[in-house]
Amino acid sequence: MNVKIKLSECLRPLMLGALFLGTAASAAVQPLDKVVAIVDNDVIMQSQLDQRVHEVQQTIAKRGQGVPPASVLDQQVLERLIVENLQLQIGERSGIRITDEELNQAIGTIAQRNNMTIEQFRQALAHDGLSYEDAREQVRREMIISRVRQRRVAERIQVTDQEVKNFLASDLGKMQMSEEYHLANILIPTPESASSEAIQNAAKQAEEVYNKLKQGADFAQMAIARSGSDTALEGGDMGWRKAAQLPPPFDRMLSEMPVGDVTPPVRTPGGFIILKLNAKRGGGSVVVDEVHVRHILIKPSEIRTEAQTKELAAKIYDRITSGEDFATLAKTYSEDPGSALHGGDLNWVDPNSLVPEFREAMADTPQGVLSKPFKTQYGWHVLEVLGRRATDSTTQAREQQAMNALRNRKYDEELQSWLRQIRDEAYVEIKLPGATGTDSAGQAAQ
């Protein structure tokens, strides 16, 4: 069975890369295992680094790209492990826990996205030399890191209605709503307080990388070997991005670039960035099918059993079909406070906003016909469809897209800043042969 499982892709934008460091890493520990980095209150072992390098090499090979030697990957992978370790320690201190139920649900989702049962998923993992326990440990770690980021980064981000309006009214906003880009990046980083010499050196490196790319060098290989970005080990792949998520002048440069081309290096607060445009796609009008519906809800309670609730709903159904007024009965009996005072009227609704049972009953009920009583998580319902229409929701969709784009842009900026911050503030002592050890101030350790 030749099945390629990429858990990191299933869980995007959670984490990037493979993380299988659990039981397999422990089992690989040999008597000669040694510490390659001290990270605050934890350590990273040589066996963990070797295991991750192996996983990265496998991932690169599956993409059909040339696999660089371990010596090229060691420091890049070790830096990724350090940053991940710091986030896991923050999660531990914050009391973030992933329950077995949450973990089982996440594993089930991954298997489903790969069109597999859990048992088939186990077999596919084994075929790739990984255990089911390793996979669960990876997913648990990624979920912890995701929650850490949500608490420390996402909650800081606010986008106002005025920002959305200003964006949509701008030339950039108009362009942004019509195109989306699949990008990869290479970052030649510069320290926050870099000297002019360090900046010139980074600029020279970026120009060297750019020239090699224009001469035909493979972008993914170059990113793996030279990039300081969080996406380096994925060949710099950033996925699909809106122009509003990108710092100027990339938004304008990309709009004029052919697919497959790369931008010249551009100076940003984090360093010099080169982008590759892998693909483009445009937007269009958004039409939503809406239904005008009214309903009566009867809930079980301490004084009304499930059977009695169902019976009452059936009696109301009979009374309406016998000619009694729906709105009057809704005002008398319905226990949905949002619609009861309006005769059960929910107005025009998007079916996708409703629970599955209600949505299915509504879809199966012809206009002007009363549905038979049916059950949802809220209780027993009868409904009547008053109308159906297709609504142009392009404006609302554009506003939501703008909101998401602005949030994503702020999130990306805030995330990179936060990752640099926790890395700079941590005590990290690198013991990897050939690498320079660092202390908590990010200077060479004596």
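The values are calculated or read from the model by the stated rules, or taken from the named source; none is laboratory data. This is a predicted model, so every value here is computed, not measured. Because the Cβ atoms are built from the backbone with ideal geometry, glycine has one as well, and the counts that use them run over all protein chains shown.
Once the stretch 361-396 is narrowed to residues that are closer than 18 Å to LYS310 by Cα and of a type in the set (Val, Ile, Thr), the residue that is modelled with the lowest pLDDT is THR376. Against the test of being within 20 Å of MET362 (Cα to Cα) and either in the same structural domain as MET238 (by TED's automatic domain parsing) or of a type in the set (Phe, Trp, Tyr) (or both), the options PHE326, PHE272 yield a single qualifying residue, PHE326.
Please indicate, with yes or no, whether at least one residue in the stretch 167-188 is out of contact with any strand residue (DSSP E or B) (no Cβ under 7 Å at 6 or more places or on another chain) and among the aromatic types (Phe, Trp, Tyr). Within the stretch 167-188 (the criterion being out of contact with any strand residue (DSSP E or B) (no Cβ under 7 Å at 6 or more places or on another chain) and among the aromatic types (Phe, Trp, Tyr)), the answer is yes, since at least one residue qualifies. When you scan the stretch 81-136, how many residues do you find that are outside any helix (DSSP H, G or I) and closer than 24 Å to ASP230 by Cβ? Residues meeting the conditions: 4. Take the stretch 89-127 and flag every residue that is farther than 30 Å from ARG152 by Cα and in contact with a Ser or Thr (Cβ under 9 Å, 6 or more places away or on another chain). Correct list: ARG122, LEU125. In the stretch 341-364, which residue that is aliphatic (A, V, I, L, M) and either farther than 19 Å from ALA327 by Cβ or touching a Gly at 6+ places or on another chain (Cβ under 6 Å) (or both) is surrounded by the fewest Cβ atoms within 10 Å (Cβ to Cβ)? Residue satisfying both the conditions and the ranking: VAL355.
Conditions (1) farther than 21 Å from GLU413 by Cα; (2) surrounded by fewer than 20 Cβ atoms within 10 Å (Cβ to Cβ), marked per residue:
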position	(1), (2)
MET116	yes, yes
ARG122	yes, yes
LYS165	yes, yes
LEU172	no, yes
ASN185	no, no
GLU197	yes, yes
GLN200	yes, yes
GLU207	yes, yes
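Hey, does the stretch 260-279 have a residue that's buried (at least 20 other Cβ atoms within 10 Å of the Cβ) and closer than 29 Å to ALA390 by Cβ? Checked the stretch 260-279: no residue is buried (at least 20 other Cβ atoms within 10 Å of the Cβ) and closer than 29 Å to ALA390 by Cβ. Screening the candidates SER47, SER71 for the property of being surrounded by 19 or more Cβ atoms within 10 Å (Cβ to Cβ) and part of a helix (DSSP H, G or I) yields one hit, SER47. Considering only residues in the stretch 35-58 that are of a type in the set (Val, Ile, Thr) and in contact (Cβ under 8 Å) with a residue 60 or more places away in the chain, the one that is farthest from PRO433 (Cα to Cα) turns out to be VAL56.
Taking the stretch 265-306 as the range and being within 30 Å of TRP348 (Cα to Cα), at pLDDT 85 or above and assigned to a loop (DSSP other than H, G, I, E, B) as the test, the residues that pass are LYS299, PRO300. The set of residues from the stretch 367-403 being charged (D, E, K, R) and more than 22 Å from ARG319 (Cα to Cα) comprises ARG388, ARG389, ASP392, ARG398, GLU399.
Conditions tested, residue by residue: (1) touching a residue at least 60 places away in the same chain (Cβ under 8 Å); (2) closer than 19 Å to ARG149 by Cβ.
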{"site": "VAL72", "(1), (2)": "yes, no"}
{"site": "LEU78", "(1), (2)": "yes, no"}
{"site": "GLU84", "(1), (2)": "yes, yes"}
{"site": "GLU101", "(1), (2)": "no, no"}
